[in-house]
1. Select from Thr72, Thr192, Thr109 the residue whose mean-square fluctuation is largest in a Gaussian network model of the chain (Cα-Cα springs shorter than 10 Å).
2. List the residues whose amide H sits under 5 Å from the amide H of Leu12, counting only those 5 or more places along or on another chain, with H placed 1.01 Å from N in the peptide plane.
3. Checking the a/c ratio against 1.5 first, then a/b against b/c, what shape does the Cα gyration tensor give for region 162-264?
4. Take the chain, compute every pairwise Cα distance, and split them into 10 Å bins from 0; I just need the percent in each bin.
5. Using 0.36 nm per residue, how much length does the chain from Ala112 to Glu151 gain when fully extended, once their Cα-Cα distance is taken away?
6. Of Leu140, Leu46, Leu236, which has the largest mean-square fluctuation in a 10 Å C-alpha GNM of the chain?
7. What is the distance in Å between the Cα centres of region 193-217 and region 117-176?
8. Can you give the net charge of the other residues whose Cβ lies under 14 Å from the Cβ of Ala187, counting K and R as +1 and D and E as -1?
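Quick note: the coordinates plus some simple rules give every number you see, no bench work behind them. Being a predicted model, the structure only gives us computed values, none of them experimental. Don't worry about glycine lacking a Cβ; one is built from the backbone with ideal geometry, like all the others, and counts go over all protein chains shown.
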Amino acid sequence: MTALSTFPPACLAPAASETIARDVRLGEMVFNSPALLGRQAEKMGLSCGSCHRNGRGNRDFQFEAISGAPGTADVTSGLFSADRADNQFNPVPIPDLATKDGRDQVDRTDRAALAVFVRGLIEQEFSGAPPPDEVFEPLLTYLQHIDGRAEGCFSAEPVKVGWRRDWAEAQFAGRQIGMAGSENAAAFYRRTARLALGRIYARYNGVGQDDIRAGLIDLSRAIEAGAVWPDKTASLEAGMAAAESVSLYNPDTLGAALDLAAREK
Ligand code: HEC
């Protein structure tokens with residue numbers, strides 16, 4: 001339940017310039033986008049950030065066919081890719097990338113080594129397409145800034161999951177569309193924006209939330225049809241804010257819905 005309603009606080013080292021800060025933010029979006037990891041992951045809504053939540057770990061991670069004990073994952077399962085499949089079920093704990101244990105396998109200060117490691121993950125582990133440079137490079141920059149020495153990060157409160165986080169993700173990706181340097185990159189931002197809108201849609205599934213769902217669908221279709229993020233979203237935002245407490249973003253509502261689903265099984 002905690003994993004569905006909170007995120008561990010992000011641990012990010014300060015960026016040395018505004019350009020770098022922008023890349024860290026863009027890389028964070030890429031890290032949290034299921035569009036990076038291929039069709040199978042996209043269908044399941046799985047991103048790097050599903051396992052490494054906010055760049056950290058995920059003690060509650062549980063996914064049929066990939067997890068053993070909660071918080072573990074088998075990243076060579078063959079579910080996502082035939083390339084690295086070892087036909088053995090060998091889940092290991094998901095490392096918190098901000099801790100020392102999360103620096104065992106690859107030296108993230110070595111950007112070239114990190115690039116090889118991350119390309120391997122995306123293309124072999126998950127059968128994602130090679131990402132365009134303008135998407136891939138910021139991802140590396142973000143990974144290089146995840147740092148447990150960032151002030152107070154281990155003692156900070158968990159961050160609540162809310163519509164605003166998914167909305168900010170959709171909006172940020174939507175605005176990138178117009179600035180994309182290639183059609184490939186534009187397509188990546190479009191998918192990222194639409195997947196984030198889809199996450200919001202899934203959480204507003206209650207009575208009286210039809211207008212919100214219709215608004216999200218209109219927006220998603222407009223983006224698919226080539227629009228960049230529109231300016232007039234104030235009434236949709238007001239609707240989501242007003243209904244958040246009765247949506248599945250509210251842990252109590254979500255808990256009740258999950259209980260009901262379990263009982264109906
Ligand atoms: C299904 C869960 C899952 C997903 C999705 C995932 N990882 Fe991981 N990640 C793991 C696990 C488990 C390990 C540890 C693997 C091991 O020990 O063999 C790991 C290891 C790593 C490491 C090495 C940490 C170290 O000790 O040096 C990095 C960096 C990393 N992942 C980044 C990413 C990035 C970037 C993505 C997206 C492209 C991603 N991960 C997607 C579960 C996941």
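1. Comparing Thr72, Thr192, Thr109 in the GNM, the peak value goes to Thr109.
2. Asp147
3. Judged from the Cα gyration tensor, region 162-264 comes out prolate (a/c at least 1.5, a/b above b/c).
4. 7, 27, 36, 24, 5, 0
5. On the way: separation 39, 0.36 × 39 = 14.04 nm, distance 2.74 nm.
This chain segment gains 11.3 nm when fully extended.
6. The residue with the greatest mean-square fluctuation here is Leu236.
7. Measuring centre to centre over Cα atoms gives 23 Å.
8. Here the count lands on 0.
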